[in-house]
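Peer 1: Structure provided below as structure tokens; questions to follow.
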Amino acid sequence: MTEVRPARSLSHAVLVELRAEILAGRHQPGSRLSPRALATRFEVSLSVVREALNRLTEQGLVTSEAQLGFAVVRLDLQDVRDIARVRILIEGAALRDAVEHADVEYEARVLASHHRLSRTPDGQPEVPISEEWALAHAEFHATLISAAPSPRLRDLAAGLRDMSELSRRWSESIQGRQVVRDVAGEHRALTAAVLAHDADLAVSLLTDHIALTADRLAEVLDVTDGAAPRGVADAVR
């Protein structure tokens, strides 16, 4: 980042890279984020880094406390369940609005995003969720609510998905426990309900989809006592 760029552009670039690193689990839950160290690493000013960290704080991925500075958010069982509950309310409302305002362009976007997701490899045993699959998955959920008229509602839903994604990626399978879950089938059912303009069914399926993910996360956090190891499990997709 040695080129001369406006501070706002630099801050956005730092934000995007740090956000990707946090979601990928490269910074452990609760670990400190030193603005000075980050400024040195990215070759930018402290003010640029602080602006990026403040934005990440607003997104719920970073915490900021007086005298303590910035840190990656910690995992907490109550938070996992609360985020899921609020996400169901917000994303469910956005999905209902989207289905009720659906047109042929929306249907084409949903079909395309589902096709991309279904054709994207989900990962390997050592990295159960690939970055490509995670991006396709996020795009699919964003596309499902893309016809909702309220940009604020869509933004709220996106922020809650980010919080859910963070804890999802930080979890991994409980050894010796096999959880059977047809995630691809859940996505197919959601797509079919949306294309059938069945808002009630679509919201019901989305509710189950989110709640099941939260239940799996709760199992992992309960067994690991809230300590999030690196990696993520097929069971919590």
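The values are calculated or read from the model by the stated rules, or taken from the named source; none is laboratory data. None of these values were measured; they are calculated from a predicted model. For neighbour counting, all protein chains shown are included, and Cβ atoms are generated from backbone atoms with ideal geometry for every residue, glycine included.
Let's see how each residue does on (1) in the same structural domain as ASP162 (by TED's automatic domain parsing); (2) out of contact with any strand residue (DSSP E or B) (no Cβ under 6 Å at 6 or more places or on another chain):
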residue	(1), (2)
SER45	no, yes
ALA52	no, yes
VAL62	no, no
ARG87	yes, yes
GLU91	yes, yes
VAL104	yes, yes
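Peer 1: Any chance region 229-236 includes a residue that's assigned by TED's automatic domain parsing to the domain that holds GLU131 and modelled with pLDDT of 80 or more?
Peer 2: Checked against the condition, which is being assigned by TED's automatic domain parsing to the domain that holds GLU131 and modelled with pLDDT of 80 or more, region 229-236 yields no hits at all.
Peer 1: With respect to the numbered conditions (1) in contact (Cβ under 8 Å) with a residue 12 or more places away in the chain; (2) surrounded by 15 or more Cβ atoms within 10 Å (Cβ to Cβ); (3) within 24 Å of the chain's Cα centre (by Cα), which one is the sole condition not fulfilled by THR63?
Peer 2: Against the list (1) in contact (Cβ under 8 Å) with a residue 12 or more places away in the chain; (2) surrounded by 15 or more Cβ atoms within 10 Å (Cβ to Cβ); (3) within 24 Å of the chain's Cα centre (by Cα), THR63 comes up short only on (1).
Peer 1: Taking the conditions exactly as written (assigned to a helix (DSSP H, G or I), at pLDDT 95 or above and under 28 Å from ARG109 (Cα atoms)), does ALA189 satisfy them or not? Full working, then the answer.
Peer 2: Numbers: assigned to a helix (DSSP H, G or I): yes; at pLDDT 95 or above: yes; under 28 Å from ARG109 (Cα atoms): yes.
So ALA189 fits the description; yes.
Peer 1: When region 29-46 is examined, which residues are found to be under 18 Å from LEU75 (Cβ atoms) and surrounded by fewer than 17 Cβ atoms within 10 Å (Cβ to Cβ)? Lay out the reasoning, then the answer.
Peer 2: Kept after step one, since they are under 18 Å from LEU75 (Cβ atoms), are these residues of region 29-46: 29-33.
Scanning region 29-46 gives GLY30, SER31, ARG32.
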